[in-house]
1. Of (1) assigned to a helix (DSSP H, G or I); (2) modelled with pLDDT of 75 or more; (3) among the aliphatic types (A, V, I, L, M); (4) surrounded by fewer than 16 Cβ atoms within 10 Å (Cβ to Cβ), LEU370 satisfies all except one. Which?
2. If HIS33 passes every condition in (1) of a type outside the set (D, E, K, R); (2) exposed (fewer than 14 other Cβ atoms within 10 Å of the Cβ); (3) in contact (Cβ under 8 Å) with a residue 60 or more places away in the chain but one, which one does it miss?
3. In segment 221-262, how many are open to solvent by 60 Å² or more (accessible area, probe 1.4 Å), part of a strand (DSSP E or B) and among the small types (Gly, Ala, Ser)?
4. Take THR115 and decide whether it is buried (at least 18 other Cβ atoms within 10 Å of the Cβ) and modelled with pLDDT under 85.
5. Within the bounds of segment 359-366, is there any residue that is modelled with pLDDT of 65 or more, part of a loop (DSSP other than H, G, I, E, B) and not polar (S, T, N, Q)?
6. Applying the selection to segment 398-428, what residues are assigned to a loop (DSSP other than H, G, I, E, B), crowded, with 16+ Cβ neighbours inside 10 Å, in contact (Cβ under 8 Å) with a residue 24 or more places away in the chain and touching a strand residue (DSSP E or B) at 6+ places or on another chain (Cβ under 7 Å)?
7. Being aliphatic (A, V, I, L, M) and out of contact with any helix residue (DSSP H, G or I) (no Cβ under 9 Å at 6 or more places or on another chain): is that true of LEU4 here?
8. Give segment 277-291 a look and list any residue that's small (Gly, Ala, Ser) and closer than 16 Å to VAL237 by Cα, or say none.
Amino acid sequence: MWCLISQANSVVFEVRVDPKSIGQECLEKICNHLGISNESDYFGLKYENAKGEELWLNLRNPIDRQVNCHGHTAPLRLALRVKFWVPPHLLLQDNTRHQFYLHARSDLIDKRLLTNDWEGVARVVALIAQAETEDFDSLHPPHNLYMQTSTIVSGCETPKPCDFPQMIISEHKKLRGMKRTTAEYWLLKEISDFESFGEEVFTKTQGNIYLGVGPHGITIYNKSSPEKQPISFTNIVSASSHRRMFKLEYFSCENNESLLEVKLDSSHNASSLYRAITEKHAFYSCETVRSAVTAQFIRDLKGTIVSIFNEDSTLGKKYVFDIRRTCREVYDNARRALYQESQARLALEADKPLGENGCDGEHCKDSEKLNRFIEAMTCKICMDNRLDSVFLPCAHVVACSACAARIDRCPLCRSEIAQAQKLYMPSW
């Protein structure tokens with residue numbers, strides 16, 4: 001069966017999968033096609049059901065049990081999207097970061113990611129322009145791109161500045177010389193400070209109330225009021241869904257137990273909300289995914305009847321939650337796998353005889369040591385400039401002075417930076 005996969009920038013490509021295979025196999029093929037290895041856990045696949053609802057494909061279940069494959073004659077249409085948003089310093093591969101950037105850009109333009117700061121909007125638009133057109137050209141300024149992306153704002157108390165286009169141009173000029181990959185990194189860094197970063201939104205059938213499920217918990221919004229009510233994962237007592245109703249028991253700010261009941265558009269949305277809360281809590285807040293989450297499943301009627309006689313039967317069995325690893329486990333596994341791949345590549349190159357790579361083994365080892373030393377002395381954020389700044393009080397040395405001036409937390413330990421001290425390293 002052919003699957004048409006659309007990226008966040010509307011570019012479509014094809015992969016071929018067995019319709020009876022689980023969704024994870026399809027996702028792995030997609031990520032391999034895009035050059036993403038070991039970081040596929042951040043992504044998910046979306047599809048439209050018969051009612052036109054956009055749902056997440058459960059990667060642990062067979063594809064044909066979730067999606068109408070039309071007799072396997074018509075291609076299946078899936079959308080690759082970021083499911084679990086993390087700060088850009090946790091992304092180890094440029095290809096992964098680029099997919100995050102494409103999704104962030106789409107969400108910004110479609111007003112799913114919002115900010116109420118005009119200066120912040122100007123910085124975001126300038127970073128998008130730098131990532132797509134590079135340095136500002138006064139003869140051919142990207143006005144169309146400015147106009148397309150300058151709507152990234154909502155709820156500003158102050159009116160739009162009259163000199164807003166000049167603010168964008170000024171911010172764009174400050175980015176001269178910045179590589180496209182670096183601009184994508186700083187865009188993701190900028191939006192990671194948005195309150196709605198990483199939220200999945202669910203709307204009630206009536207009224208102006210809607211819910212956002214993000215990395216830190218649930219936020220209850222009211223479209224007719226700027227007020228919002230955050231509920232952290234630690235304050236949630238229980239959550240459940242039945243048909244279109246979703247119930248949430250939690251402790252309020254006054255430490256009183258409260259009950260939230262909402263009626264959503266469909267039973268799919270109610271179960272999706274329940275699933276989103278459980279999966280995001282496990283991914284962002286837990287050390288590891290508990291077996292109570294990974295092993296939870298349901299059966300259809302036929303499978304239930306068969307299970308009466310054979311409990312071990314997999315007939316009609318569908319897993320409820322779609323999560324394998326937590327945020328920390330994904331990062332640690334990816335870093336370990338990439339390190340092992342680099343070591344295996346170095347060992348393979350060192351074993352090549354003279355003539356295959358133009359040098360003997362000892363010379364190659366010395367050259368590789370030099371390359372590794374140069375890489376170690378390069379800024380881990382922009383990957384261009386030399387390391388010349390130390391963060392205090394944590395004492396980590398991971399950035400150049402230009403990148404150090406842009407951040408307020410250490411990318412390694414996430415502690416606040418009280419001072420970025422200039423270092424004068426030996427010349428080489």
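The values are calculated or read from the model by the stated rules, or taken from the named source; none is laboratory data. A quick note: this is a predicted structure, and the numbers were derived from the prediction, not measured. Here Cβ is always computed from backbone atoms with ideal geometry, including for glycine, and neighbour counts include all displayed protein chains. Note: areas computed on protein heavy atoms with side chains; ligands, DNA, RNA excluded. Shrake-Rupley method; radii C 1.70, N 1.55, O 1.52, S 1.80 Å.
1. It fails just one condition, (2).
2. Evaluating HIS33 over (1) of a type outside the set (D, E, K, R); (2) exposed (fewer than 14 other Cβ atoms within 10 Å of the Cβ); (3) in contact (Cβ under 8 Å) with a residue 60 or more places away in the chain leaves (3) as the failure.
3. Residues of segment 221-262 that are open to solvent by 60 Å² or more (accessible area, probe 1.4 Å), as a first pass: 223-224, 226-230, 234, 237, 242-245, 247, 249, 251, 253-257, 259, 261.
Restricting the remaining residues to those that are part of a strand (DSSP E or B) gives 226-230, 237, 242, 245, 247, 249, 251, 257, 259, 261.
With the extra rule that they be among the small types (Gly, Ala, Ser), the set shrinks to none.
Count: 0.
4. Numbers: buried (at least 18 other Cβ atoms within 10 Å of the Cβ): yes; modelled with pLDDT under 85: yes.
For THR115, the condition - buried (at least 18 other Cβ atoms within 10 Å of the Cβ) and modelled with pLDDT under 85 - is met.
5. no
6. Taking segment 398-428 and keeping what is assigned to a loop (DSSP other than H, G, I, E, B), we get 398, 400, 405-408, 410-415, 417-418, 423-428.
Add one more test, that the residue is crowded, with 16+ Cβ neighbours inside 10 Å, and what stays is 398, 400, 407, 410-411, 417.
Filter once more, keeping what is in contact (Cβ under 8 Å) with a residue 24 or more places away in the chain: 407, 411, 417.
If the condition is that a residue be assigned to a loop (DSSP other than H, G, I, E, B), crowded, with 16+ Cβ neighbours inside 10 Å, in contact (Cβ under 8 Å) with a residue 24 or more places away in the chain and touching a strand residue (DSSP E or B) at 6+ places or on another chain (Cβ under 7 Å), then ILE417 is the only one that fits.
7. Values: aliphatic (A, V, I, L, M): yes; out of contact with any helix residue (DSSP H, G or I) (no Cβ under 9 Å at 6 or more places or on another chain): yes.
Considered against the rule, which asks whether it is aliphatic (A, V, I, L, M) and out of contact with any helix residue (DSSP H, G or I) (no Cβ under 9 Å at 6 or more places or on another chain), LEU4 comes out as yes.
8. Taking segment 277-291 first, the residues small (Gly, Ala, Ser) are 282, 285, 291.
If the condition is that a residue be small (Gly, Ala, Ser) and closer than 16 Å to VAL237 by Cα, then ALA282, SER285 are the ones that fit.
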